[in-house]
1. Would you point out which residue out of C:LEU252, C:LEU279 is within 12 Å of chain A (Cβ to nearest Cβ), in contact with a Phe, Trp or Tyr (Cβ under 6 Å, 6 or more places away or on another chain) and of a type outside the set (D, E, K, R)?
2. Can you find, within segment B:437-487, the residue that is farthest from the chain's Cα centre (by Cα) among those that are small (Gly, Ala, Ser) and closer than 24 Å to B:GLY258 by Cβ?
3. In segment B:397-413, what residues are in a loop (DSSP other than H, G, I, E, B) and within 12 Å of chain C (Cβ to nearest Cβ)?
4. Residue by residue through segment B:85-99, note down the ones that are surrounded by 19 or more Cβ atoms within 10 Å (Cβ to Cβ) and over 26 Å from the mean Cα position of the chain (by Cα).
5. Taking segment C:329-340 on its own, how many of its residues are buried (at least 18 other Cβ atoms within 10 Å of the Cβ), within 24 Å of the chain's Cα centre (by Cα) and either at the interface with another protein chain (Cβ under 9 Å from one of its Cβ atoms) or modelled with pLDDT of 80 or more (or both)?
6. Evaluate segment A:93-101: report whether one residue or more is more than 14 Å from chain B (Cβ to nearest Cβ), at negative phi, under 18 Å from the mean Cα position of the chain (by Cα) and modelled with pLDDT of 95 or more.
7. Do we find a residue being without any contact (Cβ under 8 Å) to a residue 24 or more places away in the chain and small (Gly, Ala, Ser) anywhere in segment C:120-137?
8. Return the pairs, sorted by first residue and then second, in which the second residue is in a helix (DSSP H, G or I) and of a type in the set (D, E, K, R), the first residue lies in segment A:187-215 and is more than 7 Å from chain B (Cβ to nearest Cβ), the beta carbons are less than 7 Å apart, and the residues are 6+ apart or on different chains.
Amino acid sequence: MHRPGKKNLLALGDKFRIYILFVLVFAFMSLFAPRFFNVFNLTSLLKSISMNASVAIGFTIVMICGQLDLSIGTVITFAGVLVLGLQPSLGFTAAAVVAVIAGGLVGWLNGLLVTKGKINSFIVTLGTMTILQGAIYQFSGGNSISVSTPEAFVVSDFLGKSLIPLVTPRILISLILVAIMEFVLRRTRAGRNFYIVGGNRSTAWLAGIHTDRYTIVAFVLSSVGAAIGGVFSVLESTSATLKLGENSLMYVISATIIGGTAMSGGKGGVLRSVIAILTLEMLYTGIILFGLGNEVKIFIAGLILAYVVLYEAYATWKHEKSLGQRPELMKELAERAALAARPASAE
Amino acid sequence: MSEDDIGLALQMRNVRKRFPGTIAVDDVSFEVYAGEVHALVGENGAGKSTLMKMLAGSFDDYEGQIFINSKEVKLHAPTTAKKYGIGMIYQELSLARPISIVENLLAGRLPRKGLLLDKAAARKQALALLKRVGLEIDPDLPIEDISPHEAQLVEIAKVLGNNPCILVMDEPTSALSREEVERLFAIIDTLRKRGIAIVYISHHLPEIFRIADRVTVMRDGKKIATKAIGEISREEIVQMMVGRSVKEFYKRDERQIGDTRLKVSGLSRFGFFHDVAFEAKQGETLGICGLSGAGRTELARVLVGLDRADEGRIELDGHEVQGRSMAEFLEKGIAYLTEDRKIEGLALRLAVDENILAPIVDRLSSSAVYSKSKGKSLIERLVAELAIYPPDPGRTVGNLSGGNQQKVLLAKWLASAPKVLILDEPTRGVDIGAKMTIHASIEKLAREGCTVILISSDLPELVGLSDRVLIMRKGHFTREMQYQECSEESLLLAANGDAAYGAVVGSAGEANGATAAGSAR
Amino acid sequence: MSDALDKRSLDSNSVGKIVNAAGSYGIALLLLALGALLQFTGVIHSFLSVQNMLNIVDTVALVGIVAVGMSFVTYSGHFADMSVPTTMGFTGYVCIELLRYGFIPAIIGALVVGLLIGLLNGFVVGKLRANPIIWTLAVNYVTMGVIRLIWVNKQIYPDMRGSGQEAVALFDNIYRFRFFNLIGLPVVILIILVIAGQFVMTKTTFGVKVKLTGSAFRAAKFSGINVERVIMAAFVLTAFTATISGLAVTSLSRVGAWYNGAGYDFKAVTAIVIGGMTLAGGRGSILGVLGGSLIIGILNNVMTLLGVGTFSQDMVRGAIFIAVVGVSAKSLRSLGRDDA
């Protein structure tokens, strides 16, 4: 009847790799890392991922579309600097809205240049990254911006206060965003279209899917996600350093790839990326809790990304090598091996 | 509208499409009735593909009029074409590899319940579509995990799923096995009975005589004629296609077959082919016949060092050939013309001469300094010998016609002056003129003492060129046939490994028989 | 008829090459003229002085050296090597650390480290076909981690008073030595590298192989070219030039720091792309890349003299970068040569 899918244990393990990894790291840290498994630490863990979680949403969608967005780190900082810089004149809400819209514009520009300008997304976003870096320093004068008005502290307190154990409003916002986008990607036609666009542009085009539109939307989502992450992070901490988004690019790339989103597009998911971020954060927190320095953290982070890229490349290489193997020949081989083994065991 | 127009599903009136420097389709009028299979034939570059792309909505600047069901339409976008019920099955697959079969089949129209996807309905629809093409497979598998011919069937199912009223098939059988071709023909028959207009593009004339009601021949962008299939013979079609009468295709010259050159024993690549053994002699053309997926290409890849054998021995002139890369095998004189021309065969962005010299870069250099001028006379000789048009070595290969590209590909391997040349589908998808040139060149090569191993699905080609044919089936060599016993029918039966199967392909065999008789023996 | 003629002339590769190469020098000359104009109209001063011209070539040298090596990666169709910044930083550390054993061992040590990074990149990208950008980004972070681990987050300085004073003085001179008291050593190295690079790319077997690999990876592989080795060599060359530039930068700043090479990845890619080398691979020339480096150098200089801040210069450079790629992509498309 139907040829069965590759549902052996190994393939299954590969598919749920990130969830298994998450459970393992969580269990290990809970058991061995000092001061890891308590409400306070877990809350701060969630707090510290809420920025990158919202960044990862859009970045993952860009990767699913088969593109790359190197500008996310600078968009985070840009939005953060913008919200605190504009807040005195506009107030918090308007400043936040402006910052997010500005982020969205960057994404729109990225998307436009990639689709209509037909420029490689690596080049485009490397360019906008440089432009934004300049803009950030231009806008801030090269200094961190911080606010210490009572109003700012009210906002900060609100965002950082636990509603129920483990969940603060800021964490909640990120969780809601992740839930919505995961749902959209999985269960709506528009969501699936991102995968088809990334899987094969001409297939999508011939099926009447507006590939350019989806690509632009992906870039906008990426920048908006980054901007939201930057805005809320700054609002909670009441200060915006110029290094705010510095490590996010590599953090989010690592997590997205570890989560199983394909670099070539057409595969992956938002939730997977976020779980991967959480896993990485647990690992890094653990490293610090074990009393190791920041340098170890940076080293391990790089190593993990390198390992995952290497693993993916190796797996693809292996897969391509075995593509087209005839099952009946493999069976014949197994029979031959069994035949060879039998006289030996009989003796 | 006159009476005659009734029943016309498609009418293209005086259409024309210009490209910078050329007119690809020149004042062509083309009609297809509902419930008709209309074959469209012509050499590569005759304008068939451009005409069909026009229909698919790929151009927004064609001239002339197009009527669908007697209503004039402007087909300026693929979505418009699709809306008017035009379905295209392309030669190159248009499936998304990482995506599941379901989503490929239903791309752009996944069923919804309210705002949300209805996954159960999607699966059901997908299974129904797969059933129409007789493919039993888990529809949740991604395309990258299924075989190329399964993918081709998925592609066909996908287009059928759009319920087209006009269906265009561009060489739909090139990746299919005989069995699957039969199934496809059955599908086409049902569609015809349902009143769907079908345009069938193929180089394979027996197929056309088997399935088509009428045939239109194109040459140099112009329509030459449209005829009912009963009123025209193969020879007439060929004559119209090439614009001159074709002499006998294959002439067997005296051949000098020498000592054993290549000896292969116990060769296996696990899961692809097992226990392959054969000898090939100097000056001999050894054909390898098998259905797609029989392991022919995989064998070739091992013979040239692209993949490594798990077991067995390859000897060239009595010495074992070992090496980790194709470069080492090439140096010893084993060369391989790949089945895929555009990605594996040629660097389309580079010039003709750069492509031809690619395998002998090392030979043209002295102490790491490359001298292209050393290859100049070689290039000139090859361009002339293969009649590569235009005869300009500086021309970018991507701008040549398919047939000329294939000639460049062959020239590239002739340049390497191999002792053993493995040809994998050397004339797939090329026009008759180029085919004749390539065949002549292969024969000359054999006469000069080169051992040619010819892997081909083109049975007349195998019969006409080979001294001996080895039959490969499901990863094993099953039979060896001398050229005296080779005919298209005998090869076909042997490749299918099933005597009873002969009845099924009988009608195709008859049509093929005409060629067999035509080819000189 | 004229259509056909046009097509023919555009078709010949050599014409395109000359236009590309001359294009970047044309822009460079235009920028020079602009600078001169601004000086004559009194907007800026001292643009046309010898000292200023030397400043320009000095900065061009540091970027240009990296760009020459990285051109081979781009030419081979593998975009760019993003591990350049920390390669430069790491080799600087290694050199300073080894100065106590003498100048030559220190240089050799740095080169060996650079070579190893290049080999690693080449192996993973060439053999396993990892995405070159993401892989080299990863290597960049790993190297950063290695630097921070080994030197525990500290910058290091050459020991000016210790035993290896002679070596330190030599090291100090990598950037500061001037032939005829005029032309700096890095500039001379750049000129040598450009000549050598141009020769290698156009006249040697290796260059032809890189071109074939960049133009059509699989076709090159199926022509019996050892593409893995070609790609490996391209990454090793990049690491080699990054090491040289890293040593010069470290010599300039007299400090081993992990941020020494920051931004050089982007600057080099900009120079390459503005110099007419396309990311699709197999097109462009080293001479063009030199022109690209000059453009960036002159542009920065003019902007600095105009009083434009460093960061606004970033913005301008980013915008120009995107614009140039956009225009060249468009012109290639109109020639019907866009098949990337």
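1. C:LEU279
2. My answer is B:GLY449.
3. Result: B:LEU400, single match.
4. Residues satisfying the conditions do not exist here.
5. Applying the first criterion (buried (at least 18 other Cβ atoms within 10 Å of the Cβ)) to segment C:329-340 yields C:329, C:332, C:337.
If we keep only those that are within 24 Å of the chain's Cα centre (by Cα) as well, we get C:329, C:332.
Filter once more, so that each one left must be either at the interface with another protein chain (Cβ under 9 Å from one of its Cβ atoms) or modelled with pLDDT of 80 or more (or both): C:329.
So the count comes out to 1.
6. Among the residues of segment A:93-101, not one is more than 14 Å from chain B (Cβ to nearest Cβ), at negative phi, under 18 Å from the mean Cα position of the chain (by Cα) and modelled with pLDDT of 95 or more, which makes the answer no.
7. There is at least one residue in segment C:120-137 that is without any contact (Cβ under 8 Å) to a residue 24 or more places away in the chain and small (Gly, Ala, Ser).
8. From segment A:187-215, the pairs are A:THR211/A:ARG201.
The values are calculated or read from the model by the stated rules, or taken from the named source; none is laboratory data. What you are looking at is a predicted structure, and each value in this text was computed from that prediction instead of being measured. Backbone-built Cβ (ideal geometry, glycine too); neighbour counts: all protein chains shown.
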